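Chemist: I'd like to ask some things about the structure below.
The values are calculated or read from the model by the stated rules, or taken from the named source; none is laboratory data. Worth saying up front: this structure is predicted, and the values here are computed from it rather than measured. A quick note on method: Cβ atoms are made from the backbone with ideal geometry, for glycine too, and the neighbour counts reach across all protein chains shown. Just so you know, the surface numbers come from the protein's heavy atoms only, side chains and all, with ligands and any DNA or RNA stripped out. Shrake-Rupley method; radii C 1.70, N 1.55, O 1.52, S 1.80 Å.
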Amino acid sequence: QQGQNGTWEFYFREPDSRIRHYFPDLDDTTLIAWYLKKTGKPFNADLVKTSISANKKDGKYFTYLRDYQAPMPQTWNVDPVVNAQVMMLNGVPERDVCSFIHDEVAYQKTPSIYYRDRVILLYMLSRPYANGISCIKKSIELLYREALARQDADGSLGSPLRTAAFVTASINSHSGESVAVKKAVSWL
């Protein structure tokens, strides 16, 4: 289902409406292309590269392709997770993107409009980190310390999803708090 511009689409529907809006986006595109590349499945990698490189401005990648702006506030169009996933797909850390991610995680209460929970954000960023994007290590460490501080005595982080995300992020980031991880696994 790769589009003619090399991307894959995200869709959403307004509440109380049957109309679906489709927008090519880098969130879906980077993950799908990364998976296809990793598994050796065929896709048009050149079109993906062209779409991604044309979608960078001021050192950041836009979530939605510039010529398909979603009807959402413009501030929603730049996301640290999407930027980390672009680097994961390309296999190359980019200094300006790494700085953007760190600044968002360190100085914004909600650095991602799409991943508002900081434990889920930890999980989402741990995937690119596990796949060689080591420049986001400071962000991973910060989010991991926050998660540890929020862990209940029984090992939970408030819900099965958040707890499982914490465990998976711990594995992805090789974080060494084995007691905390074992408690979380036991709670699950």
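Chemist: Among the aromatic types (Phe, Trp, Tyr) and free of Cβ contacts under 8 Å to residues at least 12 places away in the same chain: which single residue out of Tyr107, Tyr123 fits that description?
Modeler: Tyr107
Chemist: Could you check Tyr35 against (1) over 28 Å from Ser99 (Cβ atoms); (2) at pLDDT 85 or above; (3) hydroxyl-bearing (Ser, Thr, Tyr); (4) open to solvent by 100 Å² or more (accessible area, probe 1.4 Å) and say which number it fails?
Modeler: (1)
Chemist: Among what's in segment 159-179 and is free of Cβ contacts under 8 Å to residues at least 24 places away in the same chain and among the small types (Gly, Ala, Ser), pick the residue that is nearest to Tyr115 (Cα to Cα).
Modeler: Selected residue: Ser159.
Chemist: Looking only at helices (runs of 4 or more DSSP H) that lie completely in segment 77-188, which have at least 2 residues being open to solvent by 40 Å² or more (accessible area, probe 1.4 Å) and either closer than 30 Å to Gly59 by Cα or in contact with a Pro (Cβ under 8 Å, 6 or more places away or on another chain) (or both)?
Modeler: Working: elements: 80-90, 95-107, 118-130, 137-150, 160-173, 178-187.
Fully inside segment 77-188 and qualifying: 95-107, 118-130, 137-150, 160-173.
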